[in-house]
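Data block below; observations after.
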Amino acid sequence: MRADAVEEFTAYVAACSPRMRRTAFLMCGDWQRAEDEVQTALVKLYLSWDRVRARRSLDSFVRTTLVRALIDAQRRPWRREQPRAVVPDRAAAEPMAVEDRLTVRAALARVPPRQRAVLVLRFYDDCDVAETARMIGCSEGTVKSQTARGLARLRELLATCEPSSAECSEG
Amino acid sequence: MPDVITMLRTAIDEEPPLGFDAADVVVRAQKARRRHTAIAGLGLAGVAAGTALALTLTGALGAAPAGSAGTIQTTAFTLVEHADGTATLTINPSVLLEPRTLQSDLRQDGIPAMVTAGRFCSSHPSLADFNQVVTGQKSSPDTMTINPAAMPPGTELSFGYFRLSSGQETVATLINTNSYTCDSTAPIVWPPGAVHRVVGHGEIVTSITTG
């Protein structure tokens, strides 16, 4: 890679890494794994830099790589998520805002991965239906139905979560 | 119940600091590219071996090819090992150098070396044998020839690699492995014949061997 391309890549990585890690975290619920997946996606971007940069689709490339890797991970038994009734490592006396966060995370972790990815892409990353469909590799109709189901599931779970303990029943 | 966007934003409150930066990604990517190249090379070597075997079996092959010196090529540098035991190192100033790769490749070619990024290790006083070990080429400023046979016992070549605001710099010197210190800045003034410096600003490369 030429020096000017490396500089451009470096600037892009510095700008995009925090928000891409947040997107990955919302999809997997683990900051460390989110960081690993973002780095893997950025390595792929480096290896395809000229082609992707020419198409002006850097964010889309990284998000697509992330989303597909995180959804695919569900198919691997050793990486499959193990939903827990209680979020681990929670301090005993935490302020209300922390309880809210843990409750949302606990509920989000129980939304099926593909529905969760759709919710994150559409509501957090502000992607439209067509873009979301391209990134996940499904039809626009599927994105719409997964959005509706994901929202319903999230609301259902939040209604059953105990704000004081961040516990959610199966619903 | 709060809206979905608020909920998602709540979930990422208090995120930990990022544990990597762009340089880490570049190093990982260069390793990945190198691995792919090596695997592709193995495939080609397999094909070549198969072809050679077929030619031998048909009696078409005469004398075995003479042993050729090895070449290690990465995007950041090329290291050519010659039959007389010397090696030529060419640094690509347009690509970030991966210190550990260069260090292990030099050692693999029988050149005891320590490669550091953002630091330069040197012995004081500097070793007079450096000019016999490393020689520059005026016609090709990013290239240096290394003669490991001229290295006294107990010495190593020290390479310090620095990123500049508009390029990069690699400085080489000879150190005594039992007595050296490391500094986080590239040396500016050195005794004659003590260091070899390759400075690259994009495509423009300059090389200076003091002395």
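Condition first: within 22 Å of B:THR75 (Cα to Cα), in contact with a helix residue (DSSP H, G or I) (Cβ under 8 Å, 6 or more places away or on another chain), of a type outside the set (Val, Ile, Thr) and modelled with pLDDT under 80. Can you find one or more residues in the range B:95-108 that meet it? Taking every residue of the range B:95-108 in turn, at least one turns out to be within 22 Å of B:THR75 (Cα to Cα), in contact with a helix residue (DSSP H, G or I) (Cβ under 8 Å, 6 or more places away or on another chain), of a type outside the set (Val, Ile, Thr) and modelled with pLDDT under 80.
Inspect the range B:32-44 for any residue being closer than 30 Å to A:ARG21 by Cβ, of a type in the set (Gly, Ala, Ser) and either surrounded by 19 or more Cβ atoms within 10 Å (Cβ to Cβ) or at pLDDT 85 or above (or both) and give the result as yes or no. No: the range B:32-44 contains no residue that is closer than 30 Å to A:ARG21 by Cβ, of a type in the set (Gly, Ala, Ser) and either surrounded by 19 or more Cβ atoms within 10 Å (Cβ to Cβ) or at pLDDT 85 or above (or both).
Within the range A:1-42, if we keep just the residues that are surrounded by 20 or more Cβ atoms within 10 Å (Cβ to Cβ) and basic (Lys, Arg), the residue that is farthest from the other protein chains (Cβ to nearest Cβ) turns out to be A:ARG21. Could you list, in sequence order, all residues of the range B:94-152 that are more than 11 Å from the chain's Cα centre (by Cα) and among the acidic types (Asp, Glu)? Hits for the range B:94-152 are B:ASP109, B:ASP129, B:ASP142.
So that you can scan it fast, the table gives a plain yes or no per residue for (1) within 19 Å of the chain's Cα centre (by Cα); (2) in the same structural domain as A:TYR124 (by TED's automatic domain parsing); (3) of a type outside the set (Val, Ile, Thr); (4) at pLDDT 90 or above:
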site: A:MET1; (1), (2), (3), (4): no, no, yes, no
site: A:ALA5; (1), (2), (3), (4): no, no, yes, no
site: A:LEU45; (1), (2), (3), (4): yes, no, yes, yes
site: A:SER57; (1), (2), (3), (4): yes, no, yes, no
site: A:VAL62; (1), (2), (3), (4): yes, no, no, yes
site: A:ALA73; (1), (2), (3), (4): yes, no, yes, no
site: A:ALA92; (1), (2), (3), (4): no, yes, yes, no
site: A:ALA97; (1), (2), (3), (4): no, yes, yes, no
site: A:ALA107; (1), (2), (3), (4): yes, yes, yes, no
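I'd like the residue in the range A:122-160 that is loosely packed, with under 14 Cβ neighbours inside 10 Å and of a type in the set (A, V, I, L, M) and, out of all such residues, is nearest to the other protein chains (Cβ to nearest Cβ). By that ranking, first place goes to A:ALA159. Residues in the range A:12-31 that are modelled with pLDDT under 90 and out of contact with any helix residue (DSSP H, G or I) (no Cβ under 6 Å at 6 or more places or on another chain): 1 in all. Residue check: B:LEU61 meets all listed conditions (1) farther than 18 Å from B:GLU169 by Cα; (2) at pLDDT 55 or above but one, namely (2).
The values are calculated or read from the model by the stated rules, or taken from the named source; none is laboratory data. Fair warning: this is a prediction, and the values are worked out from it, not measured in the lab. Glycine also receives a Cβ, built like all others from the backbone with ideal geometry; neighbour counts cover every protein chain displayed.
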